[in-house]
Amino acid sequence: MVGPGALQRARRLCHWGPAVALAVVAVCSATAMADAALWYWPLDTAGGSVNFVMLLNWTVMILYNYFSAMFVGPGYVPLGWTPEKSQDCMYLQYCKVCQSYKAPRSHHCRKCNRCVMKMDHHCPWINNCCGYQNHASFTLFLLLAPLGCIHASFIFIMTMYTQLYNRISFGWSSVKIDMSAAKRDPRPIIPFGLSAFAASLFALGLALGTTIAVGMLFIIQMKVILTNKTSIESWIEEKAKDRIQYYQTGETFIFPYDMGSKWKNFRQVFTWSGIPEGDGLDWPVRDGCHQYSLTIEQLKQKADKRVRSVRYRAIEDYSGVCCPVTKGVKTFFTTPCTEEPRIALSKGDLILATRGLKHWMYGEKILISAADGGIRERGWFPRKCVEKYQCDSETDQPVDGEKKSK
Ligand SMILES: [Zn+2]
Ligand SMILES: [Zn+2]
């Protein structure tokens, strides 16, 4: 099993996301099992056995779906991919990194460094993208983790309650009455001292936090699946409406992948075989839509963004650090809370800015020399380091375009 695959898997695991996620699973499961043995002895009682087996079952199913989502991955567009009919290339964006056309619904992920099929987002907790192939296992993990945590929380609370009741009634050092659900002889092997109480309380906090946080992510993913619209596609749709309204073109944008019923959308992701419908490159579209309805809209938005973006020129150097100390207090404290990169600037650089905050702007460096290989440099930089650059009529257009985008 030691091959490039194993190495790749090991690399996926070496990241703070999986380390924290697996530590939470380990702490909650181990504490829940220890507490379960104390509260409801599993070996010779039916209820205790069911309780314990269920607990084991949650752990196994959570880990199975977690590792499936991480190791199976979202599925990548094959390197050098082109659509079957060469005339369809005109409807698609080209990815310079992957040297392939971007298949409908795919996006290039900078973390994975590949074009990802039906990309939803890059999830740091699984250190991988959530997309076409792992959408079901990822969502199942998001469902099972809160359910397992609710069960574990119940055990933590019951154990602490029964143990505390004993101690408060009969003194901390001796237990006179066995309050556990199954009365038994001999008494529990595991002593429930202060440290055990602290561990249970800590695990309870973790489990409740996980239930709320992961449960919310589950609701978001169910919405994505039932509308068959990824988070990125929701954003594209919003921009489509904005673009149509701005130019008053009278077009109507219909999102092409919503099959019209929640059940049909659900069945695209969840199948009995566990393998999602289709091949991740060709997608069924609803009546009145074209196979490339969405990619054509993306191309229009890309062209529009170019028109509506504003040219800036760097007037100061900027090293590319997150919180620069030499660019003023406000710049230091208002650094954008995002994993998006910063771009280093040197005096005289030209930047095409597409969005901005009060003290920060996001844009793409305009690379003049061909030696840069056409790799785009995009990211945040302090507004203080640049000034608006008026050079030709092209820049006049976006200036009044900017009013609208506010
Ligand atoms: Zn790519
Ligand atoms: Zn990714």
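The numbers here are math on the coordinates, done by the rules we state, and not lab data. All values derive from a computational prediction rather than experimental measurement. Note that each Cβ is placed from the backbone with ideal geometry, even for glycine, and that neighbours are counted across all protein chains shown.
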Open item on the list: For a bin width of 10 Å, list the pair-distance distribution of segment 47-117 built from all Cα-Cα distances, rounded to whole %.
Closed with: 18, 32, 18, 14, 12, 6, 1
TODO: Enumerate the whole-percent occupancy of each 10 Å bin, from 0 to the last occupied one, for all C-alpha pair distances of the chain.
DONE: 4, 17, 22, 22, 16, 10, 6, 3, 0
- [ ] Could you give log10 I(q)/I(0) at q = 0.25, 0.28 Å⁻¹ for segment 1-57, computed by the Debye formula over C-alpha point scatterers of equal weight, without solvent?
- [x] -0.90, -1.02
TODO: Calculate for the chain the 222 nm mean residue ellipticity that helices alone would give, adding -39,500 (n - 2.57) per DSSP H run of length 4 or more and normalising by residue count, nearest 500 deg cm²/dmol.
DONE: -16000 deg cm²/dmol
Task: Computed magnitude of the charge dipole of segment 32-157 (debye, nearest 20; Cβ of K, R +1, Cβ of D, E -1) - done: 740 debye
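As a test, work out the antiparallel percent of DSSP beta bridges whose residues both lie in the chain, rounded to the nearest 5. Intermediate values should be presented prior to the final figure.
Numbers: 27 of 28 bridges.
Of all bridge pairs located within the chain, approximately 95 percent are antiparallel.
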Open item on the list: Only sites in a loop by DSSP and with at most 10 other Cβ atoms within 10 Å count here; which chymotrypsin sites (Phe, Trp or Tyr not before Pro) in segment 240-274 make the cut?
Closed with: Trp272
